[in-house]
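Working notes, structure below.
The values are calculated or read from the model by the stated rules, or taken from the named source; none is laboratory data. Here the structure is a predicted model, which is why all the values come from computation and not from measurement. Every residue, glycine among them, receives a Cβ derived from its backbone with ideal geometry; neighbour counts consider all protein chains shown.
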Ligand code: CMC
């Protein structure tokens, strides 16, 4: 066996520069293009944050108006995208639907093989506009409900909720949803973003990179955790066991507790306080204090047992549940948001590309001959 230092999971390895976001685990902070994420969540729309991530600066009023018009004009799904979704069984995971839709949208794109900066920005903005329609279309078909067309008079978040549920959401629900989209938008070289950058580094097209990123996000160690958190809550509530007792049993079985822990943050995830505040508002709005009690009970039990803190998926899961989303749809909501960060990184990678191709140390059988 070759003896070399192995950086398993690339932990602690700095792979490249990025100007998109800065994660500082020491100060528990996350900056998008220099702005603290909690300030953006409090003051800005997700559309403004998307432009910030792509362009490096917040938009002027004219730039925002122009982008909002583009976004509203690109919400409808082409018939061939709907046909491709309809070919998938309603029993498949909604993440498979997102992954397939991203691929089909790419295959049908007039600029499919054009990876110029202009074409990539255009593709990113169109995917941003289309992904809510994909998620809503799929959620409604699973329930045998008629598709709800987009409303051009509504902004991104209000329209997303409208297309999914067929009724106008209360302003505080729209606000909480907008906050979640902003918090999920970008997080440096996480697994799915790195996947997108690896694919881009081969000079493959943007839709290939996004399709691969969606695959990486599906797993419960990454985006799939928001769905898994809800399964935990449901299990605890249905068995009626106290959170602390449930946790002791789960840890005794060496289970990973979903929604806790982070590769980068070891003292708490910078996004959690903002998302927890949104969850508190939703618990009050929907009059469901039980979920908050469970949230706190499991959080303090985990703190006492392992001193491990929640990550963003922990408050996001129950928030989406309260809004009425099906549990398997939570990670597709993460996709709709992270399209922005992924595509900002794809454009950054393409602008200063170097093929990403690490090395491995060999530990198979020694050379032998037939
Ligand atoms: N439950 C139980 N133990 C944990 C957890 C957890 N959630 N997280 C870390 N640990 C323990 C782990 O067992 C290990 O203990 P020991 O040293 O005794 O073996 C120690 O903490 C270090 O954990 P690790 O898995 O080596 O650390 P990592 O940096 O590879 O893990 C992680 C990061 C996110 C994969 C892990 O914390 C985890 O599996 N969490 C649950 C899944 C999750 O919530 N993922 C969402 C991540 S953040 C947002 C997102 O991307 O969606």
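Here are the numbers:
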{"read-out": "Residues being near the ligand (Cβ under 10 Å from one of its atoms) and farther than 21 Å from residue 235 by Cβ - total across the stretch 255-271", "value": "7"}
{"read-out": "Some residue of the stretch 126-144 being more than 16 Å from the chain's Cα centre (by Cα) and farther than 16 Å from residue 86 by Cα", "value": "yes"}
{"read-out": "Some residue of the stretch 305-323 being within 15 Å of the ligand (Cβ to nearest atom), surrounded by fewer than 19 Cβ atoms within 10 Å (Cβ to Cβ) and in a helix (DSSP H, G or I)", "value": "yes"}
{"read-out": "Qualifying residue in the stretch 336-353 (condition: surrounded by fewer than 10 Cβ atoms within 10 Å (Cβ to Cβ) and not in a helix (DSSP H, G or I))", "value": "yes"}
{"read-out": "Residue selected from the stretch 208-231 under the condition more than 15 Å from the chain's Cα centre (by Cα) and surrounded by fewer than 23 Cβ atoms within 10 Å (Cβ to Cβ), by the criterion farthest from the ligand (Cβ to nearest atom)", "value": "208"}
{"read-out": "Any hit, the stretch 272-282, residues being within 13 Å of the ligand (Cβ to nearest atom) and either modelled with pLDDT under 95 or within 30 Å of residue 126 (Cα to Cα) (or both)", "value": "yes"}
{"read-out": "Every residue from the stretch 174-200 that is over 19 Å from residue 39 (Cβ atoms) and part of a loop (DSSP other than H, G, I, E, B)", "value": "189, 190"}
{"read-out": "Residues of the stretch 245-254 that turn out to be within 9 Å of the ligand (Cβ to nearest atom) and in contact with a helix residue (DSSP H, G or I) (Cβ under 9 Å, 6 or more places away or on another chain), as a count", "value": "2"}
